[in-house]
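The values are calculated or read from the model by the stated rules, or taken from the named source; none is laboratory data. Not measured: the values here are computed from a predicted model. Note that we place each Cβ from the backbone using ideal geometry, even for glycine, and neighbour counts take in every protein chain shown. In case anyone asks, the SASA skips ligands and DNA or RNA and just uses the protein heavy atoms, side chains included. Shrake-Rupley method; radii C 1.70, N 1.55, O 1.52, S 1.80 Å.
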Amino acid sequence: MSAKRSGIAFVICAPSGAGKTTLSRRLLDKFPRMVLSVSCTTRLPRPGESSGRDYEFIDEQEFILRRDSGFFAEWAEVHGQFYGTPLDATWKLIAGGRDVLFDIDVQGASQIRSSLPGARLIFILPPSLHELERRLRERGTEKEEDLKIRMSAAARELSQAHWFDSWIINADLEQAFQDLCATYISATLSPSRRPGFLAKLLSEWGD
Ligand code: 5GP
């Protein structure tokens, strides 16, 4: 009996400071079947980032050309830069049985919900806004002015969390990771991921 199944789209959103990057990396390390969707962006690479692994870094003119030709499954402007998920590459991965992790913002998640109907949408929440602010301060990467911008962006993003499929409340990183693994495994167990399996099983009756 074949154990083949189609891949799934697993979308993770969170305000900055909620632990999305750490949790996503751990998930990708633990489950080799899962791959990260590599987005295109107009923002410049940060130190240590490479094109093709973290993002495909392109200029605004190229982004607009691609966007207008239907190249993207979703796209959004985030913090003044464009970001988009290539449609073809995503389809090929999912059809080939790979599970694809999308690290995108809430505008993109809402478009994926329409364009990939079986996608599982996960929102990572901080236990409180006070704790989120504490973590952002501890990170020490933000100036006071930027911190205020991040906090008001966080409140805006959190106001969209109600339409997601699952919430991971990251009060404790280990517990949040266990919850995320459970959510992912449960998504892979949906009967819709194994088209034809039941019919084949029942066809063995009387063999
Ligand atoms: P950063 O520039 O820090 O890597 O990402 C900034 C924000 O853009 C993050 O919230 C990230 O999830 C989001 N983002 C990254 N790639 C995409 C994408 O392809 N589409 C959308 N909608 N958002 C993205």
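Label point 7 Å out from LYS200 along Cα-to-Cβ: which residues of the stretch 1-31 have amide N under 16 Å?
Backbone N within reach: 1-7.
Tell me which aspartates and glutamates have Cα within less than 16 Å of LYS30's Cα, excluding those fewer than 8 residues away on the same chain?
List returned: ASP99, GLU174, ASP179.
Can you give the FRET efficiency to the nearest 0.05 for ASP88 and ALA161, using r as the Cβ-Cβ distance and R₀ = 22 Å? Can you show the working numbers first?
Working: r = 30 Å, r/R0 = 1.36.
The pair ASP88/ALA161 has a calculated efficiency of 0.15.
Run the quick spin-label model on VAL38 and ARG25: label points 7 Å from Cα toward the beta carbon, then report their separation in nm to one decimal.
The modelled label-to-label distance comes out at 1.8 nm.
Please enumerate, by chain and number, the aspartates and glutamates with C-alpha under 19 Å from the C-alpha of LYS143, excluding those fewer than 8 residues away in the same chain.
Those aspartates and glutamates meeting the cut-off are GLU131, GLU133.
Summing +1 for each Lys or Arg and -1 for each Asp or Glu, what net charge is found among the other residues whose Cβ lies under 12 Å from the Cβ of LEU27? Before the final figure, lay out each step's value.
Details: positive: LYS20, ARG25, ARG26, LYS30, ARG33; negative: ASP29, ASP99, ASP103, ASP179.
Cβ neighbours under 12 Å give a net charge of +1.
Over the chain, how many percent of alpha carbon pairs lie in each 10 Å bin up to the one with the longest distance?
8, 31, 35, 18, 5, 2, 0, 0
Enumerate the lysines that LYS200 could reach by cross-link, defined here as Cα to Cα under 16 Å, with residues fewer than 8 away along the same chain left out.
Qualifying lysines at Cα under 16 Å: LYS4.
Run the numbers on the stretch 9-199 and let me know its relative contact order in percent, using alpha-carbon pairs under 8 Å that are six or more apart.
Numbers: 251 pairs, mean separation 57.0, N = 191.
After rounding, I find 30 percent.
Looking only at the chain, where both bridge partners belong to it, what percent of the DSSP beta bridges are antiparallel (to the nearest 5)?
Numbers: 8 of 27 bridges.
Within the chain, antiparallel bridges account for around 30 percent of the total.
Name the residue, out of ILE112, ILE64, ILE168, whose mean-square fluctuation peaks in a Gaussian network model built on the chain with Cα pairs under 10 Å.
Highest fluctuation among the options: ILE64.
If ligands, DNA and RNA are left out, what is the accessible area of ILE169 with a 1.4 Å probe, given in Å² to the nearest 10?
90
For the pair ILE185 and LYS4, what calculated FRET efficiency results from E = 1/(1 + (r/R0)^6), where r is the Cβ-Cβ distance and R0 = 22 Å, to the nearest 0.05?
The computed FRET efficiency comes out at 0.80.
Highest first, please rank the peptides 149-159, 6-16 by the mean number of other Cβ atoms sitting within 10 Å of their residues. Could the numbers behind the result be given before it?
Details: 149-159: 14.8, 6-16: 23.2.
Going by the mean number of other Cβ atoms within 10 Å, highest first, we get 6-16, 149-159.
Could you order peptides 100-108, 21-29 by the average number of other Cβ atoms within 10 Å of their residues, highest first? Don't skip to the answer; put the middle values down first.
Details: 100-108: 21.1, 21-29: 15.9.
Highest to lowest by the protection proxy: 100-108, 21-29.
Could the peptides 199-206, 116-123, 175-182 be put in order, highest first, of the mean number of other beta-carbon atoms found within 10 Å of their residues?
Numbers: 199-206: 8.5, 116-123: 19.5, 175-182: 16.5.
Result, highest mean first: 116-123, 175-182, 199-206.
Once ligands and nucleic acids are excluded and a 1.4 Å probe is used, how much of ARG193 is accessible, expressed in Å² to the nearest 10?
Here the residue's solvent-accessible area equals roughly 40 Å².
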